[in-house]
Amino acid sequence: MVNQSQHKTFRNICESDVIFEYLMYLDKDFKTQNIHKKIGIIAGYRAQRDYLSRVFESRYHTSFSNIKVEINTVDAFQGRETDIIFYSVVRCNNEGNIGFLSDIRRLNVAFSRARELLIIVGNHDTVTKKPVIYNKPNPFYEVIHYIYEHDKDCCLREV
């Protein structure tokens with residue numbers, strides 16, 4: 001957790017590592033196929049967005065030849081699309097506290113930005129621990145259920 005401007009905001013270094021490792025894989029694969037893609041990385045929290053941006057600028061900004069990467073928050077991506085979206089869940093705790101990530105409207109915005117591929121990077125146990133959050137159904141339950149029901153088009157992987 002990071003305190004920015006009197007507001008709690010969160011970051012997750014492990015998710016950042018997973019995202020950039022996969023971006024390296026995608027860029028290498030796209031290069032062999034001579035494919036170019038635009039990729040967005042969406043974080044629900046400013047601290048995660050800022051951390052991802054710092055890592056990208058310091059380690060990766062010259063590494064990619066076949067992908068163009070944009071990193072921002074859910075709100076900044078509203079109304080726009082890109083080829084591939086990585087959604088960084090960020091929240092990871094034993095209590096299953098996911099904060100405002102339980103807002104179905106924000107999740108819909110984040111999950112509907114990808115034209116071709118959505119990759120959700122997060123802690124499965126945290127986001128599915130509580131079936132009801134703030135007296136409303138936990139939207140991640142539906143997402144996980146959808147993934148299991150559509151296993152020919154979707155997959156769940158542990159890294």
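The values are calculated or read from the model by the stated rules, or taken from the named source; none is laboratory data. The model shown is predicted, which means the values in this text are computed figures rather than measured ones. Note that we place each Cβ from the backbone using ideal geometry, even for glycine, and neighbour counts take in every protein chain shown. SASA here: full protein model, heavy atoms, side chains in, ligands and nucleic acids out. Shrake-Rupley method; radii C 1.70, N 1.55, O 1.52, S 1.80 Å.
Under unit Cβ charges (Lys, Arg +1; Asp, Glu -1), what dipole magnitude, rounded to 20 debye, does the chain have relative to its Cα centre? Working shown, then result.
Details: 22 positive and 20 negative charges, 89 e Å.
So the magnitude is around 420 debye.
In nm, to one decimal, how far is the Glu70 label point from the Ile104 one, both placed 7 Å along Cα→Cβ?
Here the modelled spin labels are 2.8 nm apart.
Nearest 5 percent is fine: what portion of the DSSP beta bridges confined to the chain is antiparallel?
Bridges in the chain that DSSP calls antiparallel: roughly 20 percent.
Ignoring ligands, DNA and RNA, please state the percent of accessible area on the chain from carbon and sulfur, probe 1.4 Å.
Carbon and sulfur: 48 percent of the exposed surface of the chain.
In whole percent, what relative contact order does the chain give with Cα contacts below 8 Å and a gap of six or more residues? If you can, show how the numbers build up before the last one.
Numbers: 234 pairs, mean separation 34.6, N = 159.
Relative contact order of the chain: 22 percent.
Can you tell me the accessible area per residue over segment 12-157, all protein chains present, probe 1.4 angstrom, in square angstrom? Present the calculation step by step, with values, prior to reporting the outcome.
Details: 8430 Å² over 146 residues.
On a per-residue basis, 58 Å².
Where a Cα-Cα gap under 27 Å defines reach, which lysines qualify for Lys28, not counting those fewer than 8 residues away within the same chain?
Cross-link targets: Lys37, Lys38, Lys68, Lys152.
Relative contact order for segment 78-159: what is it in percent, counting Cα pairs under 8 Å that are at least 6 residues apart?
33
For segment 108-129 and segment 81-102, compute the distance between their C-alpha centroids and round to whole Å.
Using only Cα atoms to place each centre, the spacing works out to 7 Å.
Over the Cα atoms, compute the radius of gyration (one decimal) and Dmax (the largest Cα-Cα distance, rounded to a whole number) for the chain, in Å.
15.6, 49
Suppose each label sits 7 Å from its Cα in the direction of the beta carbon; what would the Arg157-Ser63 distance come out to in nanometres?
Here the modelled spin labels are 1.6 nm apart.
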